[in-house]
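Written out below as structure tokens is the structure these notes cover.
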Amino acid sequence: MPMIFFMRLMALATAFVMVTPMSVSAAEIHVMSGGAPKEVFALLASKFEQQTGNKVKFTYAVITELCEKLSAGATADVLVLPTPVLDSLAKDGRVRADSRAIFGTVGISVVVKEGAPRPDISNKEKFRDAMLAARSVVHATPGKTPSGTHMGKVMEQLGIADATAKKVIFKPALDGGVQLVVAGEAEIGIYPASEVAGVKGLTVVGPLPADINLEIVYGAAATTYSAAPNAASAFVKFMAAPENRFVWKEGGFELPTNLNSN
């Protein structure tokens, strides 16, 4: 994240985030999250800690890896995931329905190295042509993240999966995929908008055409087994507070049209 972008958001956060201090006992909470909200949390977590006295430890991983960790017995106080995954965990009794909140919706963006020519992705056909013409393309692994799975389906839908097979690199943004674009090792990157917002050395060409884009709704909930349930709920409430919406917006998330947490 460029320093000027970071400083601008920090100034806004300091000026406008006026959440009433929460009366909870100081605790350390463990938050497990997909990678999409990472930059937003980097900006807001310190404010939460200052206002509540609680400390936050984060674990970030791709969605399938997080689910595997949870299945293997890993524990956390708060889970931040796409809402369909939270729905499944709620059915299993692993998260508290009364602590759920929606943070925002993130779509998928196309990026290139700063200064490189911008491909025409103005419609589905132009995007298809850009994929065929590109020297190399990088996106998350199908089956590992929502965006990666979606892009695998898009390539099939456009009839270019075989033609692009040898030029597509599967690497999540968290594992260095975005940096391949910055370094010029991949000509085009395709990632959730929140994972490329403000990354130095990148140019965001724009979102995928609407008829092939994917909107991923991210939310959070405290777990039923949290040792610090009050602090965990306070974290979710703070991050979803209306006063913090502008930080999510700047971080690549759109305000969800349905603000119900269920």
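The values are calculated or read from the model by the stated rules, or taken from the named source; none is laboratory data. Since the model is a prediction, treat every value here as computed from it, not as a measurement. A quick note on method: Cβ atoms are made from the backbone with ideal geometry, for glycine too, and the neighbour counts reach across all protein chains shown. Areas reflect the complete protein model, heavy atoms only, side chains present, ligands, DNA and RNA absent. Shrake-Rupley method; radii C 1.70, N 1.55, O 1.52, S 1.80 Å.
Remark: the stretch 49-56, residue by residue, has Karplus-estimated 3J(HN,Hα) of 5, 5, 7, 10, x, 7, 10, 10 Hz, where x stands for each Gly or Pro and the curve is 6.51 cos²θ - 1.76 cosθ + 1.60 at θ = phi - 60°.
Separation of the stretch 166-226 and the stretch 113-150, taken as the distance between their Cα centroids, equals 11 angstrom. Each 10 Å bin from zero up to the one holding the largest Cα-Cα distance in the chain carries the following percent of pairs: 7, 30, 33, 21, 8, 1.
Residues within the reach of a label modelled at Ala42 (point 7 angstrom out along Cα to beta-carbon, backbone nitrogen below 18 Å), restricted to the stretch 174-199, are 174-183, 191-199. Of the trypsin sites (Lys or Arg not before Pro) found in the stretch 140-199, the ones in coil according to DSSP and having at most 14 other Cβ atoms within 10 Å of their Cβ are Lys166. Give the long-range amide H neighbours of Val205: residues separated by 5 or more places, or on another chain, with amide H under 5 Å away, using H modelled in the peptide plane at 1.01 Å from N. Under 5 Å from the amide H of Val205: Val110, Val111, Val112. To put it simply, the accessible area of the chain at a 1.4 Å probe is 54 percent carbon and sulfur.
Using the Kirkwood radius built from alpha carbon pairs, what does the Stokes-Einstein equation give as D for the stretch 166-262 at 25 °C and 0.890 mPa s, in µm² per second?
In µm²/s, the coefficient rounds to 153.
Here r is the Cβ-Cβ distance between Thr75 and Ala26 and R0 is 22 Å; the resulting FRET efficiency, rounded to 0.05, is 0.65. Rounded to the nearest whole Hz, the Karplus-based 3J(HN,Hα) values (6.51 cos²θ - 1.76 cosθ + 1.60, θ = phi - 60°) of the stretch 143-150 follow the sequence x, 9, 9, x, 5, x, 4, 4, with x at glycine and proline.
Under 23 Å Cα to Cα from Lys55, which lysines show up? Leave out anything in the same chain fewer than 8 places away. Those lysines meeting the cut-off are Lys38, Lys47, Lys69, Lys237. Across the stretch 81-215, Cα-Cα distances exceeding 27 Å account for 22% of all pairs. Among beta bridges from DSSP that stay inside the chain, the antiparallel ones total about 60%.
Scoring 131-139, 190-198 by mean Cβ neighbours within 10 Å over their residues and listing the highest first yields 190-198, 131-139. Taking a straight Cα-Cα cut-off under 19 Å and skipping sequence neighbours fewer than 8 places away in the same chain, the lysines within cross-link reach of Lys166 are Lys153. Using Cβ point charges alone (K and R +1, D and E -1), the dipole size of the chain about the Cα centre works out to roughly 200 debye.
Residues in the stretch 102-111 carry Karplus couplings, in order, of 9, 8, x, 10, 10, x, 10, 10, 9, 10 Hz; the curve used is 6.51 cos²θ - 1.76 cosθ + 1.60 with θ = phi - 60°, and Gly or Pro positions show x.
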